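Trainee: Quick one: the structure is below, questions incoming.
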Amino acid sequence: MELSLADKNVLITGSSKGIGFEIAKKFHEEGCNVIINGRDKYDLEKAQSKLRGSRALCLDFRNFTETQEKIKVIMENIKYLDILVCNIGNGKSVPPGQENYHEWQKVFSANLWPTTNAIENFKNYIKKDSGAIICISSICGLEVINGAPITYSVAKAALNAYVKAISRPLGKDGIRINAVAPGNILFEGSTWQSKLEKNPDNVEKMLKDNVTLNTFGKPIDIANLVLYLSSPISNFITGSIFTLDGGQIH
């Protein structure tokens, strides 16, 4: 399938490793002009060395002022974006029932503000009539997942609502926005890798009891869907949340 993505300018937030890096790598393979992002300069340089010709943006998207200032600098050279992928997020929080004010602030700062900050600061640079924004959400924002932190679930539900609502004003400029809601994704350094190493029997039972396909997803599964939603092939899709969970949610 021809995605027609060559030479597109793409920025992926939170892409120095893990799922974000896999997405960046896939865009790079399609011949895109890739900008990767992270907060750690060492991790960012390491990732950039693997994507020849890519640019790196060392920036904390949780900080609106810093985002505003650094985006102006990098966009002086790039001029416009075709695609923005908002990948920043973190599922670590307190167990259900132990929420507090500071935890709510921390989790929303990790899972919602980086996306709204990125979109609000980049929207005037995204190409009108053909631009695309993809947000990485979670199935935790779609239904109650047993054991999932409430703070994280609520933040992702808010992200999903934001994608649906902001699609209308963005659509007036011909900019599409959609979200991918993954389930359990296994990769090096992931929470599931740690759980597998500690108690593989419990993990296997969880997959058997909850996931129709009885397996984990991979970062490449997310990357493939992100590229499809970014391409002209999906030019009539906006304001939608795409589940990618092996049949877990009901």
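Trainee: Between Ile74 and Ala165, what is the label-to-label distance in nm when each label sits 7 Å out along the Cα-to-Cβ direction?
Mentor: Roughly 2.7 nm, to one decimal.
Trainee: Mind checking the dipole of segment 1-80: about its Cα centre, +1 per Lys or Arg Cβ, -1 per Asp or Glu Cβ, Debye to the nearest 20? Present the calculation step by step, with values, prior to reporting the outcome.
Mentor: Values: 14 positive and 12 negative charges, 28 e Å.
Its charge dipole is roughly 140 debye.
Trainee: Compute the whole-percent fraction of alpha carbon pairs in the chain spaced more than 26 Å apart.
Mentor: Beyond 26 Å sits 37 percent of the P(r) for the chain.
Trainee: Kirkwood Rh over alpha-carbon pairs of segment 146-250, then Stokes-Einstein at 37 °C and 0.692 mPa s: what D in µm² s⁻¹, rounded to an integer?
Mentor: In µm²/s, the coefficient rounds to 212.
Trainee: Quick check on my link table: of Lys26/Lys72; Lys70/Lys127; Lys164/Lys208; Lys50/Lys208, which ones sit more than 30 Å apart, alpha carbon to alpha carbon?
Mentor: Violating the 30 Å limit, Cα to Cα: Lys164/Lys208; Lys50/Lys208.
Trainee: Exactly which GluC sites (Glu not before Pro) in segment 53-161 are in a DSSP loop and have at most 13 other Cβ atoms within 10 Å?
Mentor: Working: sites: Glu66, Glu69, Glu76, Glu99, Glu103, Glu120, Glu143; in loops: Glu99, Glu143.
Qualifying residues, ordered by number: Glu143.
Trainee: Over 21 Å, how big is the tail of the calculated P(r) for segment 19-164, in percent of all Cα pairs?
Mentor: For segment 19-164, the fraction of Cα-Cα distances above 21 Å is 48 percent.
Trainee: Can you give the charge dipole size of the chain about its Cα centre, rounded to the nearest 20 debye, using +1 on the beta carbon of Lys and Arg and -1 on the beta carbon of Asp and Glu?
Mentor: 400 debye
Trainee: Could I ask something else about it? Could you name the aspartates and glutamates in cross-link range of Lys46, using Cα to Cα under 20 Å and dropping any fewer than eight places away on the same chain?
Mentor: Glu22, Glu29, Asp60, Glu188
Trainee: Could you give me the ³J(HN,Hα) list for segment 240-249, computed from phi with Karplus coefficients 6.51, -1.76, 1.60 and θ = phi - 60°, whole Hz, x at Gly and Pro?
Mentor: Karplus-based 3J(HN,Hα) across segment 240-249 equals 10, 10, 9, 7, 9, 9, x, x, 8, 6 Hz.
Trainee: From the residues Thr65, Ile139, Ile19, which one has its Cα farthest along the dipole of the chain in the positive direction, the dipole being from +1 and -1 charges on Cβ of Lys/Arg and Asp/Glu about the Cα centre?
Mentor: Thr65
Trainee: Still on this structure: Just round it to a whole percent: the fraction of Cα-Cα distances in segment 18-102 exceeding 21 Å. Each step should come with its number before you reach the end.
Mentor: Numbers: 1374 of 3570 pairs.
It works out to 38 percent of all Cα pairs.
Coordinate-derived values only; no laboratory data. This one's a predicted model, so the numbers in the text were calculated from it and none came from an experiment. With ideal geometry, Cβ positions are generated from the backbone for all residues, glycine too; neighbour counts draw on all protein chains shown.
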